[in-house]
1. If one takes the longest principal axis of the Cα atoms in the chain, at what angle in degrees, from 0 to 90 and to the nearest 10, does the Cα axis of helix 402-412 lie?
2. What does the highest-first list of 142-150, 364-372 look like by mean Cβ count within 10 Å?
3. Roughly how many Å² is the accessible area per residue of the chain, as a whole number, for a 1.4 Å probe?
4. Tabulate in residue order the Karplus-calculated ³J(HN,Hα) for region 284-291, using 6.51 cos²θ - 1.76 cosθ + 1.60 with θ = phi - 60°, rounded to whole Hz; enter x for Gly and Pro.
5. Highest mean first, what order results for 430-436, 229-235 on Cβ atoms within 10 Å?
6. Quick one: Karplus J couplings for region 315-324, per residue in order, coefficients 6.51, -1.76, 1.60, θ = phi - 60°, nearest Hz, x for Gly and Pro?
7. Return, ordered by residue number, the residues of region 291-324 whose backbone nitrogen is under 18 Å from a label point located 7 Å along Cα→Cβ of ASP280.
8. Check which residues have an amide H placed less than 5 Å from LEU262's amide H, if you skip close sequence neighbours.
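The values are calculated or read from the model by the stated rules, or taken from the named source; none is laboratory data. Values in this document were obtained by computation on a predicted structure and should not be read as measured data. Note that each Cβ is placed from the backbone with ideal geometry, even for glycine, and that neighbours are counted across all protein chains shown. Areas reflect the complete protein model, heavy atoms only, side chains present, ligands, DNA and RNA absent. Shrake-Rupley method; radii C 1.70, N 1.55, O 1.52, S 1.80 Å.
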Amino acid sequence: MTVTVTVTVSMVVLGVSTAIREGTTVTSGRVATVADPLHQPSSTKPRGSAVSAATALVLVGLGAVGVALLAIAGSPSPLMVDLPLVAHVAGLLGGYAVTVMILLMARVPALERGVGADRMARWHGRVGRTTLILILIHAVAATLAWAGAQGIPLLTASTQVLAMPGLSAATVATVLFIVVGLLSARAARRRVRYETWHTIHLLTYVAIGLSFSHELAGPDLAGRRLVQVAWSVVFTMSFALLLRYRVIAPLLQASRHHLRVLRVERAGPGTVNVIVGGDDLLDLDAEPGQFFRWRFLTTRTWRTAHPFSLSAPATHGTLRLTVKAVGDGTQIIQSLRPGTRVLAEGPYGAMTQRRRTRNGLLLIAGGVGITPMRTLFETMAYAGGPLTLLYRAPTMEDILFRRELELIAETRRAHLVYLIGSSKEPWNAMTPENLMRLVPGLQHRDVYICAGPALSRVAVTALRQAGLPRRNVHREDFSF
């Protein structure tokens, strides 16, 4: 069959609706016809173990309870909820929160696969804010408690507290935590370049190192050798995991796979494909839907690693990532020269076949968020249900991988729906009514989403209002 419509937003949506009801593959209001498909669908088997989000939260919660009990156990009897107790509990919980914060950004594969990189990043931000609050509560409560116990003015008490062993370094650490916390606020992040923010964020590790001696010398740990050893082991292990997966692993991968830029190709307006070559790249075990953090070793780009998804399944000799120019760093990447050496951390991300629970599938992509969706669209194993890709873009010219998507849709007999134009128009909005019209049997599908935060939130809300259970909505949002 052939559907012929004028390519306007309203007519495209109407054309899509008609064609889906009749079971055809739709591309901007017309049927895609392809004689020789370039890609064959393939199934991917999940690799490696995974720690679920629920399990991670339970373990972290149990650890927090144990640390709080440790502070309470060192308090005089009978137990009184007073300033000294608040200072002790907040101080130990702050130190424990630091280890959790490090662990969340150590990029341990089991956590990345089970929890997801975006969720771990959000948790890291929340734990970071919690850590700062606990440190400030600890400092204020300890100073007030000392002033009350000694019967001296607050200013004098502050001077005496700062003169105690390890307190000068701990004060510097607190200032660094505050600086990093302020620059991590959303309003501040909008005003600084990603590369600048990333560099300043590294001061967190300096702050952690400066505060550690104060923790060991504090009244809750001092003189309790076994507890001091256990506390030191926890800190050492968290840093060891950080070094293992963020420093050593990329270096080992570089020495084995010899990653380098082969070529840079235009993919769309302000967007390029970077083709990275190497040896035995299938041994990286990169699953469709995952991403790497790429560090291109030039004088202008080596300091910062950028997260980019694979926009095509890996082969023995090549990886493809797609980069949209949204800042200075990504603009520079677009002018990389062939032969540039590459360090790649990963693969990361939990938005893979592993999360699938139902036969039917809906993939929702917005803008450059099509990159992981394109690989899932090609490789997700059929389980007897329909497969639909909804792709929102401002104009037809902004659609990335258009020819590839249409080939995949024709080959796999899948539905490909372009949502073009403003989302403010009623017929083009991400609403429950539009989703149910465009995607028959929506309530019985798994939904994968990769888009900007605004579109992602709107899509999740619409899906929930359409009756889709939360457990069947899988997404990864990345924003600076």
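1. Approximately 80 degrees, to the nearest 10.
2. 364-372, 142-150
3. Per-residue accessible area for the chain comes out at 47 Å².
4. With coefficients 6.51, -1.76 and 1.60, one gets 6, 6, 7, 8, x, x, 8, 9 Hz.
5. 430-436, 229-235
6. 10, 4, x, 9, 10, 10, 10, 10, 10, 9
7. Within reach of a label on ASP280, which here means backbone N under 18 Å from a point 7 Å along Cα→Cβ, region 291-324 contributes 314-319.
8. Residues meeting the criterion, in which the H sits 1.01 Å from N, are ILE275, VAL276, GLY277, GLY339.
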